[in-house]
Amino acid sequence: MSTTQLQMRRGNTAQNLAFTGAAGEISFDTDRNTLVAHDGTTTGGFYMARASDVATTLNVHRFIALGQATIDSFPTATYRSARYNVQITSGTSYQSIGVNVLHNGSTVTKVTYNDINTAGSLGTFDANIISGNLNLKFTPVNAETTIKFVREILPV
């Protein structure tokens with residue numbers, strides 16, 4: 001690795017929010033561990049999302065028996081909302097559905113949308129908050145069910 005080092009202005013969140021950087025300047029927020037871009041006029045600049053802030057992940061959960069199970073979980077102090085693109089398979093029956101969840105720290109609001117299937121609904125979704133984690137739950141209609149989903153998640 002090269003011995004050349006680049007440093008930029010840095011400070012905690014409060015310092016960054018009070019700072020108006022030059023046009024094209026970048027500062028570093030030491031509390032959030034992220035970069036802030038400046039335009040020369042906007043106090044606080046524009047925070048740049050980290051990959052983990054808008055992470056897209058593929059998950060697979062296989063049910064071998066009936067009963068509700070948590071298929072995903074995330075800390076409510078870190079993330080405010082998530083969107084799931086879900087594919088469900090049970091034998092030769094298939095379903096594709098979207099699920100959005102949003103919380104206020106204690107209550108979860110959930111909506112399903114764009115539900116298409118080849119043989120009716122293959123299960124139901126629920127969500128709750130327990131011990132500071134939002135839990136997305138699924139209850140399959142059939143015991144042999146596989147659920148795959150991609151999650152997009154946004155920070156508080």
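For the residues 96, 73, 131, a GNM of the chain with alpha-carbon springs under 10 Å puts the largest fluctuation on 131.
Only helices enter the 222 nm calculation for the chain: every DSSP H run of n ≥ 4 contributes -39,500 (n - 2.57), and dividing by all residues gives -500 deg cm²/dmol, rounded to 500.
The numbers here are math on the coordinates, done by the rules we state, and not lab data. Small disclaimer: the values here were computed from a predicted structure and weren't measured.
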